[in-house]
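Notes follow once the structure below has been shown.
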Amino acid sequence: MDRVNAILNHKTYRKYYDQIEKIEKDRIFCRHQMPHLLDVARIAYITNLERNLGYDREVIYAAAILHDIGKSFQYEERIPHEIAGEKVASEILDTLPEGLAFSAEERRLILAAVRGHRKKKDGAEPIAALFYGSDKRSRTCFSCPAEKECNWKDEEKNKEIII
């Protein structure tokens with residue numbers, strides 16, 4: 001997981017991750033820190049294995065830790081986080097140290113997952129659909145103390161464990 005750890009330690013990643021953490025410090029609703037990111041990664045990887053999708057583990061984990069990196073732009077500038085996140089993720093992926101870079105195809109897949117994780121679309125690229133589902137299934141609405149105040153529609157909330 002050297003390439004994933006290179007992302008975690010990247011200056012730009014740390015900057016935006018720390019911004020999100022600061023903004024969400026007192027947030028009562030779903031947060032977008034490492035527990036959520038790793039939940040998404042693990043669900044996506046299990047689903048990948050169960051469905052024989054063939055995605056590399058590091059590609060999945062890289063996409064997972066990057067998928068919400070644009071959240072601060074959504075909070076502060078009202079730019080959808082999947083759009084801002086794709087730009088930030090691209091910058092990070094383009095500046096990884098030599099020997100830790102992802103191939104052009106891996107980079108394309110990671111960016112497709114970041115861009116496509118938020119909305120379900122017919123005909124979506126398989127990795128985008130994988131991340132859409134994994135992101136939604138990672139939410140534990142059934143045990144959330146703020147569930148009654150959440151603005152998600154009831155049909156969007158996870159009322160049970162679904163894998």
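Points worth noting:
- Among the protein heavy atoms, those of Y55 account for about 40 Å² of accessible surface (1.4 Å probe, every chain in place).
- Förster radius 25 Å - calculated FRET efficiency between S143 and K22 (Cβ-Cβ, nearest 0.05): 0.50
- Within a Gaussian network of the chain (alpha carbon springs, distance under 10 Å), most fluctuating of K136, K11, K148: K148
- For the chain, the relative contact order works out to 23 percent when only alpha carbon pairs closer than 8 Å and six or more residues apart are counted.
- Adding -39500 (n - 2.57) for every DSSP H run of four residues or longer, then dividing by how many residues the chain holds, sets the calculated 222 nm ellipticity at -17500 deg cm²/dmol.
- Average accessible surface for the stretch 45-163: 57 Å² per residue, computed with a 1.4 Å probe over protein heavy atoms with every protein chain in place.
- Residue-wise HN-Hα couplings along the stretch 145-152, as the Karplus relation 6.51 cos²θ - 1.76 cosθ + 1.60 with θ = phi - 60° gives them from phi, are x, 9, 4, 5, 8, 5, 8, 5 Hz; Gly and Pro carry x.
- Longest DSSP-loop-exposure-free segment, GluC sites (Glu not before Pro), the chain, at most 13 other Cβ within 10 Å: 1-97
- Using Cβ point charges alone (K and R +1, D and E -1), the dipole size of the stretch 103-146 about the Cα centre works out to roughly 220 debye.
- Span-like helix ranges in the chain, DSSP H, alpha carbon extent 15 angstrom or more, Kyte mean at least -1.0: 34-50, 81-94, 104-116, 126-137
- Extending 7 Å from the Cα toward the beta-carbon at both E77 and E160 defines two label points whose distance is 4.3 nm.
- Reachable lysines from K22, criterion Cα separation under 20 angstrom, eight or more residues apart if same chain: K11, K71
- Most mobile of D56, D122, D68 in a GNM of the chain (Cα contacts under 10 Å): D122
- Placing a label point 7 Å from the Cα of K119 along the Cα-to-Cβ line, the residues of the stretch 126-163 whose backbone N sits under 20 Å from it are 126-137, 151-157.
- Largest GNM mean-square fluctuation across K15, K153, K25, computed for the chain with C-alpha springs under 10 Å, falls on K153.
- Per-pair calculated FRET efficiency, R0 = 45 Å: K153 and R14 via Cβ, rounded to 0.05: 0.85
- Isotropically averaged projected area of the chain, using the convex hull of Cα atoms (one quarter of hull area), nm²: 9.6
The values are calculated or read from the model by the stated rules, or taken from the named source; none is laboratory data. This structure is a prediction, so every number in the text was calculated from the model and none was measured. Cβ sites come from the backbone with ideal geometry, for glycine too, and all protein chains shown count toward neighbours. Note: accessible area is taken over every heavy atom of the protein model, side chains too, but ligands, DNA and RNA are not part of it. Shrake-Rupley method; radii C 1.70, N 1.55, O 1.52, S 1.80 Å.
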